[in-house]
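The values are calculated or read from the model by the stated rules, or taken from the named source; none is laboratory data. Bear in mind the structure is a predicted one, so any value in this text is a computation, not a measurement. Because the Cβ atoms are built from the backbone with ideal geometry, glycine has one as well, and the counts that use them run over all protein chains shown. Keep in mind that these areas ignore ligands, DNA and RNA; they rest on the heavy atoms of the full protein, side chains included. Shrake-Rupley method; radii C 1.70, N 1.55, O 1.52, S 1.80 Å.
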Amino acid sequence: MDMNEQTLIQHTLKFLAECEYEGLSASAETIAGKLTLPPGQVDQLLQDLREAELLEVDCFELTASGREYALHVLQAHRLYETYLARKTGLPESVWHKLADEREHALSKDDVKKLAEELGHPRFDPHGDPIPTSTGEMPVKRGKSLVEYPANWAGRVVHIEDEPSNLYSRIAEAGITTDTVLRIERRNENEMHIRVEGEAFIFHDTVAAQITVVELEAGETYDDSVERLSSLRIGEKAEIIGMSSLCRGLERNRLLDLGVVPGTVTTAELMNPSGSPVGYRLRGACIALRKQQADHIRIRKVRQ
Amino acid sequence: MKPEEIVERASELRWKLPQDYHDRWVESIYAESGRIASRNVEQQGKGHRLTWERRLDSLLTNRWTGMPIMVFMLATVLWLTIEGANLPSGWLATILVENGHPFLKGLADSAHLPWWLSGVLIDGLYLTMAWVISVMLPPMAIFFPLFTILEDFGYLPRVAFNLDHLFQRVGAHGKQALTMSMGWGCNAAGIVATRVIDSPRERLIAIITNNFALCNGRWPTQILLATVFLGVLAPPAIAGLVSAGAVLGVALLGVMLTFLSSWILSRTVLKGETSTFTLELPPFRPPNLLRTLYTSLIDRTLIVLWRAIVFAAPAGVVLWSICNIQLDNTSLAQWMINILNGPGWLIGLNGVILVAYIVAIPANEIVVPTVLMLTVMTTGVTGVGEQGAGVMFDASGDSALALLLNTAGWTTLTAVCLMLFSLCHNPCSTTIYTIWKETKSLKWTLVSTLMPVVFGIVICGFVAFFWRMFTGWS
């Protein structure tokens, strides 16, 4: 990686702040691994950080000013990812990289404006909390999915986006933050997961990327919730809501057309290739592509 | 509680809300307004589709019948346009060009106007305008109403529905099928029609690639060249078939280039634009013929025609001027032709054609007349078009035309490359202006203008190179 001094310092601070949040301990080796730097350069970097009083002298803890600086970079990174998700059509795979580049160029004022423009979001698209301008962050919640047994049901709160090959398996399954899922079966290295009427088999390395929490009191996994894409021609369903994968302009358009909880819809017309499908919505016939219909949760209505 | 405590408590609770709280909140507002509306709004008429509508829909979107019906409809519209436009085009040409032009010249002579003034105004400005009107007005006045009738009836959204999966693969919207077919009538109108695509990225793709739809200013060029140069290569019995096939081939190449460039654009310069998809399939309804005629004539035909005239008129002045302004005893046009002969040769064309394309940016309709006029001027052939330098004319017959162009050194390669270049060159200035009006972006206007020229130069260059490699360098 080719980076200048300031960029290196910001990446190091961000990494240390993340370790602090996750409750992990940092060392010169983990820093070298994260930034792919030779150990000699890391030592120099740590020395610089300590001279600038951003890092405590005798350990890997951030000083008060170091933490403030780190949280600013973290806020910039996560806000920018949220911006990319909501306001551009760039694919998910490039968000992280672009945010890593852009976070260094954003001043405090830019970050403030960006937060305002986005309506002060609390979480980025992967479920990571975005620090407020005063540096507030909630306590970390949830445990890895692999720690739970078969027949357990819970809610996704975070999905780790690195490495991207594991992440893309999860994204393709349409699992996102706030998805409610159930573990159907656990084999030696893999688990069978049920989400919105669909079944997926994840290797434990994939499942470990997903952080989940218990369902709230009185809430259970609802077997009748499915995806609009599973509706066959002539079948009727009531819309429950949209997944948070449907964002920005797309979400607004669908809301405008009447894709809101309680609307009853019928699948009317199918393209021979299977997509798009025409759905009757509030008296109009609207064609949606399969990927869009995947993001709409429904409950079938018996006729 | 003190105010500070309230603020602190609030920001603490803020993190406890579900992550999608905001989305759910918006959803429930929409749901509530939906409930209020359906409680208080009474709907009259049918709430569901009638049986015949359902039958018709399944016929039009069926795997086996959908495509043939679509091809048949399109062929009918194009045939009606081409056949139907011949007669009125002829009338207009007789009135405006054959009679109007000499009449005005006579008037100018009797008023003792200086030769250059009557040249600029009548040979340049008037004649170009007359040309554009007589070639452009009739086909547009037929094509657009037919198109609007299909649109009103509800057929066009079904076409978009049928073709969407093809367009989705290249990152475009099914409705681009409609703006593309509209482009076969006129690219400027096709670009205005992209307003039906509500997704920013797909709309830009449709705008930038619209020029690959052969517009009615270019169909005549294609037909003429295919008849004169390619039809004659085949035995007389199938000559018509060969030339028709060649024109169709160029049009299909345009469709392929539309897909190719859409694919490239959606993965490169446009990948950051937001994208969404919705397509309404309205109920079938009988088209309102009078309203259709009015809207398509006023909104589409006349507006586009007016813009074309505004742009073509100065082009006539420029054309007449470069032919009549001398520099070292050689006209400006001749200078330009000499300079451009070299680059023209590389892409299988010649200096005359390139000069014609530069001057004829305002309207594709005047490319062929300009090429003919410049050819006569440079070769000194007599017997055709002797009205003088800077005065456009149409060929009286195919054989006379072939003779003229052969004398000027045209070969089959020149014709093929010109057909390709006519498909892939910058949009006319009316279209460029429309792109600017629709996108309000210099960047996208430039991309739309330059991308087709680059395609054209590359394709013609390749064709010329390999053609000469196999048939010998000449």
Notebook entry, point to check: Accessible surface of residue A:54 in the full protein assembly, 1.4 angstrom probe, to the nearest 10 Å²?
Noted result: 20 Å²
Next item on the list: Grab the other residues whose beta carbon is less than 14 angstrom from that of residue B:311, score K and R as +1, D and E as -1, and report the net.
Entry: +1
Notebook entry, point to check: Using the alpha-carbon centroid of each, what span in Å lies between the stretch B:135-163 and the stretch B:99-122?
Noted result: 41 Å
Check: Can you give the charge dipole size of the protein assembly as shown about its Cα centre, rounded to the nearest 20 debye, using +1 on the beta carbon of Lys and Arg and -1 on the beta carbon of Asp and Glu?
Finding: 2940 debye
Item checked: Burial order of peptide ranges B:79-86, A:265-272, B:8-15 (average beta-carbon count within 10 Å, highest first) -> A:265-272, B:79-86, B:8-15
Next item on the list: Can you tell me the 0 to 90 degree angle between the C-alpha axis of helix A:64-87 and the longest principal axis of chain A, rounded to 10?
Entry: 30 degrees
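In what order, largest first, do A:120, B:112, A:104 sit by accessible area if the probe radius is 1.4 Å?
On the way: A:120 105, B:112 155, A:104 35 Å².
Final ranking, largest accessible area leading: B:112, A:120, A:104.
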Item checked: Computed label-point distance, nm, for sites residue B:264 and residue B:446 using a 7 Å Cα→Cβ extension -> 1.7 nm
Item checked: Cα long-axis angle, helix B:303-324 against chain B (0 to 90 degrees, to the nearest 10) -> 30 degrees
Checklist line | Cα-projected label distance for residue B:59 with residue A:117, points at 7 Å along beta-carbon direction, nm | finding: 5.2 nm
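Let me know the shape class of the stretch A:225-300, please: from the alpha-carbon gyration tensor, a ≥ b ≥ c as square roots of the eigenvalues, rounded when a/c is under 1.5, otherwise prolate if a/b is greater than b/c, or oblate.
Working: a/c = 1.39, a/b = 1.24, b/c = 1.12.
Since a/c stays below 1.5, the shape of the stretch A:225-300 is classed as rounded.
Can you give the local net charge around residue A:201? Use residues other than it whose beta-carbon is closer than 15 angstrom to its beta-carbon, Lys and Arg +1, Asp and Glu -1.
-1
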Next item on the list: With unit charges on the beta carbon (Lys/Arg positive, Asp/Glu negative), name the residue among A:33, A:98, A:63 whose Cα is farthest towards the positive pole of the charge dipole of the stretch A:22-111.
Entry: A:98
Notebook entry, point to check: Using unit Cβ charges (K, R positive; D, E negative) and no other charged atoms, how large, in debye to the nearest 20, is the dipole of chain B about its Cα centre?
Noted result: 1100 debye
Next item on the list: Using a 1.4 Å probe and counting only protein heavy atoms, arrange B:73, A:242, B:469 so the residue with the most accessible area comes first.
Entry: B:469, B:73, A:242
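Rounded, prolate or oblate: which fits the stretch A:143-214 when a ≥ b ≥ c are the square roots of the eigenvalues of the alpha-carbon gyration tensor, with rounded for a/c under 1.5 and prolate only if a/b beats b/c?
Working: a/c = 1.32, a/b = 1.19, b/c = 1.11.
Taking the square roots of the gyration eigenvalues as a ≥ b ≥ c, the stretch A:143-214 is rounded.
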Note to self: Using a 7 Å offset from Cα along Cα-Cβ at residue A:164, what residues in the stretch A:75-90 end up with backbone N under 19 Å from the label point?
What the structure shows: A:77-90
Next item on the list: Run the 1.4 Å probe and let me know the accessible area of residue B:6, rounded to the nearest 10 Å².
Entry: 90 Å²
Next item on the list: Would you work out which of B:15, B:200, B:319 lies farthest towards the positive end of the dipole of chain B? Charges go on Cβ: Lys and Arg +1, Asp and Glu -1.
Entry: B:15
Notebook entry, point to check: If one takes the longest principal axis of the Cα atoms in chain A, at what angle in degrees, from 0 to 90 and to the nearest 10, does the Cα axis of helix A:92-102 lie?
Noted result: 30 degrees
Margin query: Let me make sure I get this right: for the stretch B:313-380, a, b and c are the square roots of the gyration tensor eigenvalues over alpha carbons, sorted descending. Under 1.5 in a/c it's rounded, otherwise prolate if a/b > b/c, else oblate. Which is it?
Written below: oblate
Margin query: Set the bar at 32 Å for Cα to Cα. Now go through A:34/A:140; A:14/B:271; A:14/A:290; A:113/B:175; A:87/B:2 and name every pair that lies beyond it.
Written below: A:14/A:290; A:113/B:175; A:87/B:2
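Let's see if you can work this out: charge +1 on each Lys and Arg Cβ, -1 on each Asp and Glu Cβ, no other charges. What is the dipole magnitude of the stretch A:225-300 about its Cα centre, in debye to the nearest 20? Display every interim value, and only then the final one.
Numbers: 13 positive and 7 negative charges, 15 e Å.
Result for the stretch A:225-300 is approximately 80 debye, rounded to the nearest 20.
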Notebook entry, point to check: Can you tell which of B:31, B:233, B:433 lies farthest toward the positive end of the dipole of chain B, using +1 and -1 charges on the Cβ of basic and acidic side chains (Lys, Arg; Asp, Glu)?
Noted result: B:31
Next item on the list: In whole angstrom, note down how far apart the Cα centers of the stretch B:281-309 and the stretch B:357-381 are.
Entry: 33 Å
Check: Can you pull the accessible area of residue A:300 for me, 1.4 Å probe, Å² to the nearest 10?
Finding: 50 Å²
Margin query: Compute the distance from the alpha-carbon center of the stretch B:58-75 to that of the stretch B:401-441, in whole Å.
Written below: 32 Å
Item checked: 17 Å cut-off, amide nitrogen to a point 7 angstrom out along residue B:166 Cα→Cβ, residues in the stretch B:236-254 -> B:248-254
